[in-house]
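All remarks here apply to the structure that follows.
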Amino acid sequence: MQILLCFSFGFFMLDSCMSHTSFTCEPVHVQWCHGMPYNTTFFPNMLEHYDQDIAAVKMKAFMPLASLRCSPEVHLFLCQAFVPECTDHTRVLRPCRELCERVLSDCSRDMLTFGISWPSELQCDRLESCHTSAVSAAEMTTSRSSLSSGRDLGFWCPLQLKTRPGQGGSFLGAQDCAPPCHNMYLKPQEVQFAKTFIGVCSIVCLCATLFTFLTFLIDVKRFRYPERPIIFYSVCYSFVSLVYFVGFLLGNEAACNEPSLPGRVWTAVLGAQSRVCSLLFMLLYFFSTAGMVWWVVLTITWFLAAGPKWSCEAIEKKAVWFHTVSWGLPGALTVMLLALEKVEGDGISGVCFVGLYDLTALRWFVVAPLAISVLAGLSLLLAGIMSLNRVRQVIQHDERNQEKLKKFMIRIGVFSGLYLLPLLVLLGCYLYEQAHRSRWENSWIRRHCQEYSIPCSRRSHQRVGSVLQESCEFFLKHNSRVQHKSSSHKLKVMSKSMGTSTGVHTPVTSNHSNTPVSTVIHNHCIPSQSISDPHRSSETSAPERIGSAAAAEKRSKADSSSRVSSHTQTSHRLTPKDDLLQADQSSAHRTNTQ
């Protein structure tokens with residue numbers, strides 16, 4: 001019988017750990033709603049509160065309306081909005097439009113008196129009609145109910161980061177949500193240092209690129225192909241540095257939105273919410289991408305001059321094609337991103353770019369063009385250097401031409417190295433961000449979940465062993481406190497801790513047999529104190545002492561002691577203790593063997 005109980009308990013726990021998708025109603029715990037004609041509810045509610053504690057805190061501001069009874073239906077409306085009715089374990093009944101309009105009409109004067117603002121989520125025109133909702137109640141799908149299971153609640157956009165509906169912004173998969181303007185991963189002093197560093201670097205880069213361009217204007221004929229693309233490359237990065245300098249001067253005015261309602265925070269611009277942000281994005285993305293394309297064109301012209309031995313005039317005849325590709329391709333990508341509304345504000349630099357919060361956009365519109373330009377340019381550069389090296393070996397006896405060729409190769413190598421090194425570092429940073437962005441976002445959620453009143457758990461993949469150990473510890477904790485309650489209540493507590501429901505009423509004992517499932521449960525659930533308890537050891541060996549001789553009894557005690565020692569070591573690896581607890585366990589072992 002004990003083996004069957006262990007099997008049923010073990011498989012119930014494994015099934016609960018692996019499947020958290022069943023719809024479950026929960027009892028109403030909010031005291032203000034105890035007098036309602038229903039006693040079960042479901043979360044998250046329509047205001048995106050993920051549990052009853054948060055709903056009770058948010059509901060407290062509206063309780064003066066219920067106390068004054070400004071409307072005979074205000075109490076029912078508030079409870080249906082904050083603690084919705086859950087019926088038949090399949091449906092959730094929320095307030096309807098006509099009820100909302102009656103309550104809002106009756107209580108509007110009292111709301112002005114107490115300074116209560118009506119939540120945007122409870123706007124009456126956003127609710128269903130009473131006739132429609134009565135016929136078809138809001139059915140909860142499996143995917144929605146899985147979020148409330150308590151294991152993986154996902155990211156719920158906090159009210160502080162909510163944006164106006166219809167703006168098209170999304171943050172971490174939540175619609176009508178925007179990231180905070182202040183940086184999510186850096187400390188305030190680090191953000192200030194980064195802003196200053198970006199501002200200084202933009203000034204230095206702007207001066208260097210303008211110097212190159214002014215040198216070209218002094219003597220235009222001096223810079224012919226294949227070196228002419230360097231000038232256009234400098235023009236592109238002069239605009240890039242100018243945009244960063246403007247962002248440094250503007251601060252967060254262009255990249256961030258002011259709070260739309262009291263209690264909200266500054267949020268980053270997403271999409272076409274700001275004209276200044278869109279303009280900065282167009283200039284920054286267009287010229288940074290054009291600079292990469294002109295780098296590839298520069299390596300192409302070098303290769304044509306070094307490999308096939310094209311003359312300057314022959315290369316210059318292809319200038320129209322070079323300009324078409326170098327300006328047309330970045331322009332097409334910029335227009336595409338504007339149409340897709342992938343513009344995102346950066347709270348550090350003060351500019352707007354793509355891929356700051358959208359990994360997919362970063363991968364295809366930033367990392368992919370950068371990687372292609374680096375690989376293509378590096379391949380053409382190496383091919384051109386190899387061709388020049390072969391030419392140098394042919395003209396070994398012509399010292400004058402060999403010296404010119406040597407200087408040309410050195411100039412190409414120095415310029416390419418100074419360009420490729422920062423570009424490779426940037427590409428490595430992007431790839432590192434691609435691999436670790438999700439971890440950073442999860443860490444940010446765990447740090448700020450209490451501040452924003454959102455779920456702290458955002459674990460997309462969780463091992464069964466960790467779930468089983470956590471659930472067992474929770475079960476044993478409640479089992480030790482409530483030993484005289486029915487076993488069905490214990491299973492109910494267990495299912496509540498894992499976010500599932502069960503109808504099992506099989507009693508669960510604390511004894512475990514040597515079955516595979518019970519061994520796993522034993523290793524996860526039984527603490528070291530209970531394993532090394534001498535009373536339990538004596539109870540286990542009692543039948544052997546009754547039916548055995550003195551010698552057999554000693555062997556039984558020795559075997560029991562060895563088993564206790566091995567179990568204690570295993571438990572010690574699971575839950576490390578301090579030296580004092582180890583000493584207590586050793587004394588308990590010696591007492592047991594004696």
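Nothing in this text is a laboratory measurement; each read-out follows from the coordinates by a stated rule. A quick note: this is a predicted structure, and the numbers were derived from the prediction, not measured. Neighbour counts are summed over all protein chains in view; Cβ atoms, including those assigned to glycine, are modelled from backbone coordinates with ideal geometry.
Across the range 208-217, computed HN-Hα scalar couplings (Karplus, 6.51 cos²θ - 1.76 cosθ + 1.60, θ = phi - 60°) run 5, 5, 5, 4, 5, 5, 5, 4, 5, 5 Hz from first to last residue, x flagging Gly and Pro. Remark on the range 265-325: ratio of C-alpha radius of gyration to 2.2 N^0.38 Å is 1.76.
With a simple spin-label model that places each label point 7 Å from the Cα along the Cα-to-Cβ direction, the separation between Leu250 and Phe415 comes to 3.3 nm.
Descending by average beta-carbon neighbour count within 10 Å, the peptides 347-359, 115-127 line up as 347-359, 115-127, the highest first. Packing order of peptides 326-332, 50-56, highest average first: 50-56, 326-332 (average count of other Cβ atoms within 10 Å over each peptide's residues). The separation of the range 190-221 from the range 393-449, counted between C-alpha centres, amounts to 19 Å. Between Ser117 and Arg164, the contour length at 0.36 nm per residue exceeds the Cα-Cα span by 15.3 nm. Among Met63, Met292, Met409, the ranking by other beta carbons within 10 Å of each residue's beta carbon, starting with the fewest, stands as Met63, Met409, Met292.
One chain, two ends: Val320 and Cys429. Fully extended at 0.36 nm per residue, the span grows by 35.8 nm beyond their Cα-Cα distance.
Modelled this way, with points 7 Å down the Cα-to-C-beta line, the labels at Arg447 and Val391 are 5.5 nm from one another. Of the residues Leu270, Leu104, Leu340, Leu249, the one with the fewest other Cβ atoms within 10 Å heads the list, and the complete ranking is Leu249, Leu340, Leu104, Leu270. Among the listed pairs Lys58/Lys195; Lys195/Lys318; Lys317/Lys407, give every one whose C-alpha distance is greater than 32 Å. Where the Cα-Cα span goes over 32 Å, the pairs concerned are Lys58/Lys195; Lys195/Lys318.
The order of the peptides 421-433, 304-316 by mean Cβ neighbours within 10 Å, most packed first, is 304-316, 421-433.
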